[in-house]
Amino acid sequence: MSTPDLSDLRGCKVVFSGFHAPKLGVVETFTNAVMTIDDAGVITVIEPDGDLTGAIHLPEDWLLIPGLVDLHVHAPQYAQLGAALDEPLEDWLQKYTFPLEARFEDLSYADEVYSTLIEDMLAIGTTTALHFATIHVPATKRLAEICLAKGQRALVGKVAMDDPELCPPYYRDASPEEAIEGTREVIDFIRGLPNNDGMVHPVITPRFIPSCTDACLEGLGALAKATGAHVQSHVSESDWQHGFVQDRCGCSDAEAFKRFGLLRENAVFAHGTHLSESDMDLMVSHGAGVAHCPLSNAYFAGAVFPLRVALEKGLEVGFGSDISGGPSGSIWETARMGISAARILESGVDANTPAETRGTGDQRIDFKEAFFLATRGGADALGLPVGSFEIGMKLDALAIDPTRKEGTVRFWPEDTDLRKLEKMLYTVSKPNIVRVWTDGVRRV
Ligand code: GUN
Ligand code: FE
């Protein structure tokens, strides 16, 4: 057999082993399965025991899984990832984050940070990301161009924030009209990018209700309706933020977003740690989803997102790193924290409280559910045709080599397939990620 050329899988028939999670709680294992990819990177055949004639084989030890989806990234904040985590949200924004984001008026700085971010995300297996950029139209366009050039499937939004109450003079849209017009300009630009065949999408991005005037939010709601573009924001993130919206709008964030026409199909709202059950029901009935950001929540939310409750209600959930509110840009780390956070919510935290009353009952998720949320769950929340290996899906995938000495995965002969997936989820690190493809084209 000749050495397989794995740089472009379009138009190829591939023999592979690996895993996917097509539904919450369901994992399927592939062992020398056959997949055919068409010239557009779409999976056209997937067979457990297909005809191997004319196929190229992935190396035997490699395990193929769907690319990871990050539902909440502040792209400019990559410059402060792993720092500045000592203040509550409302102070963190003013002291560190707005000054940092204001620097993206400088396109050369934007180029440098955004190029590094997208390369680093792809290298750890994040093939799809939902990005907040900054208020700047030129730098936001540049982020979209960089995602397209480097091959990250991405949704990119110009941040809208115009309320002088909360936004400093040096970093805000001058008026609701400017926020709305800038958003419209970026939507048109992204949709018109040459060779953008479903790779990069625009997203309407009111930062959060406290940073936007009613006029801005209403205008963005109308723009969402007129353009059909995706929507993203933050929802009920912290006690302060949740209370701010209650005071100003006389209702919860979710109800306010509904009022402004922003609670829509495939809209994704970050955090939701303080959502009530009726808020969750409202989001489900409008087809909106949640980016669960457990690493960030440990620093800013003051609570653990009740993931189990959300999933049982049928709320669409995926993981978000929340770069840089969470100190890791890796969806692997985020998923691990997601499992841990749910367990801590279940057990409770205070040893001085009796064990029976310490926690909040059945809250855990397992590695199979976390694997789904990191892949297909995130893709479903966005309505994108990726996240599992099924006919009609675009091939976004990564190959894990569990035998790499420099890596951190160690399998033993007694490990079953499912146990291998479990170990992978918990122990994979960058040296184990040996290939990354989007649309069937090698990016790493
Ligand atoms: N709420 C408004 N802006 C932000 C932000 O940049 N990060 C987080 N975590 N929450 C926010
Ligand atoms: Fe955020």
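Once you have the Kirkwood Rh of the chain from its Cα pairs, apply Stokes-Einstein at 20 °C and 1.002 mPa s and quote D in µm²/s.
Answer, rounded: 97 µm²/s.
State to the nearest 20 debye the size of the charge dipole of the range 202-302 about its Cα centre, where the only charges are +1 on K and R beta carbons and -1 on D and E beta carbons.
Details: 6 positive and 11 negative charges, 69 e Å.
For the range 202-302, the charge dipole is close to 340 debye.
Based on Cβ point charges of +1 for Lys and Arg and -1 for Asp and Glu, what charge dipole magnitude is obtained for the range 261-390 about its Cα centre, in debye rounded to the nearest 20?
Values: 9 positive and 16 negative charges, 48 e Å.
With Lys and Arg at +1 and Asp and Glu at -1, about 240 debye.
Which FRET efficiency value, to the nearest 0.05, is calculated for V45 and R419 with the Förster distance at 25 angstrom and r the Cβ-Cβ distance? Present the calculation step by step, with values, prior to reporting the outcome.
Values: r = 29 Å, r/R0 = 1.16.
FRET efficiency, V45 to R419: 0.30.
With angles folded into 0 to 90 degrees, how steeply does helix 107-123 sit against the dominant principal axis of the chain? Use alpha carbons for both and round to 10.
Taking the Cα atoms of the chain, the angle to 107-123 is about 40 degrees.
Decide, for the range 338-444, between rounded, prolate and oblate: order the square roots of the alpha carbon gyration tensor eigenvalues as a ≥ b ≥ c, take rounded if a/c falls under 1.5, and otherwise choose prolate if a/b is larger than b/c, else oblate.
Working: a/c = 2.80, a/b = 1.57, b/c = 1.78.
Here the range 338-444 falls in the oblate category.
Collect residues whose amide H, placed 1.01 Å from N in the peptide plane, falls under 5 Å from the amide H of V317; neighbours closer than 5 in sequence don't count.
V290
Considering amide H positions built from the backbone, and no H for Pro or chain starts, which residues 5 or more places from R435, or on another chain, come under 5 Å of its amide H?
Those lying under 5 Å, H to H, from R435 are A399.
Scaled to the compact-protein estimate 2.2 N^0.38 Å, what is the alpha-carbon radius of gyration of the range 22-142, rounded to two decimal places?
Numbers: Rg = 20.6 Å, N = 121, 2.2 N^0.38 = 13.6 Å.
Against the empirical 2.2 N^0.38 Å value, I get 1.51 for the range 22-142.
Of all DSSP beta bridges in the chain, what percent run antiparallel (nearest 5)?
Numbers: 24 of 56 bridges.
Rounded to the nearest five, the antiparallel share is 45 percent.
Beta carbons within 10 angstrom, averaged per residue: use that to sort the peptides 70-77, 263-270, highest first.
Details: 70-77: 28.2, 263-270: 23.0.
Taking the mean over residues of other Cβ atoms within 10 Å, the ranking is 70-77, 263-270.
Excluding S330 itself, calculate the net charge of residues whose Cβ lies under 15 Å from the Cβ of S330, where each Lys or Arg counts +1 and each Asp or Glu counts -1. Intermediate values should be presented prior to the final figure.
Values: positive: R336, K430; negative: D70, E119, D120, D322, E333.
Charge balance near S330 sits at -3.
Stretched out fully, how many nm does the piece from E119 to D247 gain, at 0.36 nm a residue minus the Cα gap? Provide the component values of the computation, followed by the final result.
Values: separation 128, 0.36 × 128 = 46.08 nm, distance 4.17 nm.
That works out to 41.9 nm of additional length.
Once a ≥ b ≥ c are taken as the square roots of the eigenvalues of the Cα gyration tensor of the range 68-198, is the result rounded (a/c under 1.5), prolate (a/b larger than b/c) or oblate (a/b not larger than b/c)? Provide the component values of the computation, followed by the final result.
On the way: a/c = 2.01, a/b = 1.21, b/c = 1.66.
It is oblate, given that a/c is not under 1.5 and a/b is not larger than b/c.
Once you measure Cβ to Cβ distances between cysteines in the chain, which Cys have no partner under 4.7 Å?
Lacking a cysteine Cβ partner under 4.7 Å: C12, C147, C167, C249, C251, C293.
In this model, which of K368/K423; K13/K394; K368/K420; K225/K313; K23/K313; K225/K258 are farther than 18 Å apart at the alpha-carbon? Walk me through the numbers on the way to the answer.
Values: K368/K423 11 Å; K13/K394 14 Å; K368/K420 12 Å; K225/K313 26 Å; K23/K313 15 Å; K225/K258 12 Å.
Table pairs above 18 Å Cα-Cα are K225/K313.
Between the range 93-122 and the range 12-37, what's the alpha-carbon centroid distance in Å?
Comparing the Cα centres of the range 93-122 and the range 12-37, I get a distance of 37 Å.
Quick one: which residues, 5 or more positions from V45 or on another chain, have an amide H under 5 Å from its amide H? H modelled 1.01 Å from N in the peptide plane, none for Pro or chain starts.
Close amide H contacts, sequence-distant or interchain: T36.
With a/c under 1.5 counting as rounded, go ahead and sort the range 84-141 into rounded, prolate or oblate using the C-alpha gyration tensor (a ≥ b ≥ c being the square roots of the eigenvalues; past the cut-off, prolate if a/b is larger than b/c, else oblate).
oblate
Tally Lys/Arg at +1 and Asp/Glu at -1 over every other residue whose Cβ is under 15 Å from the Cβ of V73; what's the total?
Details: positive: K150, R153, K158, R207; negative: D70, E101, E119, D120, D322, E333.
Counting the neighbours of V73, the net charge comes to -2.
Could you work out the pair-distance distribution P(r) of the range 247-346 from its alpha-carbon pairs, with 10 angstrom bin width and percents rounded to whole numbers?
Distribution as computed: 16, 48, 31, 5 percent.
Within the set of other residues whose C-beta is less than 14 Å from the C-beta of D197, count the net charge using Lys and Arg as +1 and Asp and Glu as -1.
Numbers: positive: R10, R153, R191, K394; negative: D38, D39, D396, D439.
Combined, the nearby Lys, Arg, Asp and Glu give 0.
What's the extension gain from S278 to V26 if we count 0.36 nm per residue and subtract their Cα-Cα distance? Walk me through the intermediate numbers first.
Numbers: separation 252, 0.36 × 252 = 90.72 nm, distance 2.76 nm.
Extending this stretch completely gives an extra 88.0 nm.
If the cut-off is a Cα-Cα distance under 14 Å, which aspartates and glutamates reach K95, setting aside same-chain residues fewer than 8 apart in sequence?
By straight Cα distance, K95 reaches D86, E87.
Every number here is computed from the coordinates shown, using simple stated rules; none is lab data. For clarity, every value in this text was computed on a predicted model and none was experimentally measured. Positions of Cβ are generated from backbone atoms using ideal geometry, with glycine treated the same way; all protein chains shown enter the neighbour counts.
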